[in-house]
Amino acid sequence: MISLFKQNKIFVIIILFATMVVGIVYLNIQDISESLNVSEDILLKDKIDNKKCDFEGEVLVTKVIDGDTIIVEGGEYIRLIGIDSDEFGYPCYYSAKKELENLVLNKKVILQKDISVTDKYGRCLNYVFLKLQNINVEMVKRGLAVASFYEPDVKYKAEIKYAESHAIKGRIGCKWSNLK
């Protein structure tokens, strides 16, 4: 009788252990399934963003927001890759915005992608060219923006860093003219 009790106890322990293992596996499958749904949502968002930001040929600049953001025909916001200019309320905001307006407003530009399609705000990420002039580089060269890179978007990093170095040494523009 004692032997039968020990066997039943072992059997109950095995059943409990198996139930725990099945429960853990089930919960892990649920987590993986939820992760896959999030990944599918991200992939779907990327497909939508790719379509939204898929510009071919020239596009008209309809508005300049600041020294590193423009709006093009169709209403899409374009964030210039590799540079950062002052936001509203900071010292170089107006001069950077005005210069970017002088360069591209109401003109047809060519937008060039790097790796990322959009930033965290949903703006399309591009290099902006007016004829053969890289406007991203030009804004830094004129001392109205600083070099600012986020991997993996570094296609013109060397050119932008060189322009920044030149502007700093020459104390060019709003960003560097007051250096001591």
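The values are calculated or read from the model by the stated rules, or taken from the named source; none is laboratory data. Worth saying up front: this structure is predicted, and the values here are computed from it rather than measured. Positions of Cβ are generated from backbone atoms using ideal geometry, with glycine treated the same way; all protein chains shown enter the neighbour counts.
Residue pairs whose Cβ atoms lie under 6 Å apart, separated by 6 or more positions or on different chains, with the first residue in the range 167-180 and under 13 Å from VAL146 (Cβ atoms) and the second aliphatic (A, V, I, L, M) and outside any helix (DSSP H, G or I), are GLY173/LEU144; CYS174/LEU144. The residues in the range 55-68 that are hydroxyl-bearing (Ser, Thr, Tyr) and either surrounded by 19 or more Cβ atoms within 10 Å (Cβ to Cβ) or assigned to a loop (DSSP other than H, G, I, E, B) (or both) can be counted, and the count is 0.
Listed here are the residues, each with its yes/no results for (1) at pLDDT 95 or above; (2) in contact with a strand residue (DSSP E or B) (Cβ under 7 Å, 6 or more places away or on another chain).
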| position | (1), (2) |
| --- | --- |
| GLY74 | no, no |
| SER95 | yes, no |
| LYS107 | yes, yes |
| PHE129 | yes, yes |
| MET139 | yes, yes |
| ARG142 | yes, no |
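Of all residues assigned to the range 96-110, at least one qualifies as being basic (Lys, Arg), touching a residue at least 40 places away in the same chain (Cβ under 8 Å) and in the same structural domain as VAL72 (by TED's automatic domain parsing).
Against the test of being closer than 16 Å to PHE55 by Cβ and polar (S, T, N, Q), the options SER95, SER148, SER116 yield a single qualifying residue, SER116. Of the strands (runs of 3 or more DSSP E) contained entirely in the range 76-180, those carrying at least 1 residues that are surrounded by 14 or more Cβ atoms within 10 Å (Cβ to Cβ) and either at positive phi or among the hydroxyl-bearing types (Ser, Thr, Tyr) (or both) fall at 76-80, 124-130.
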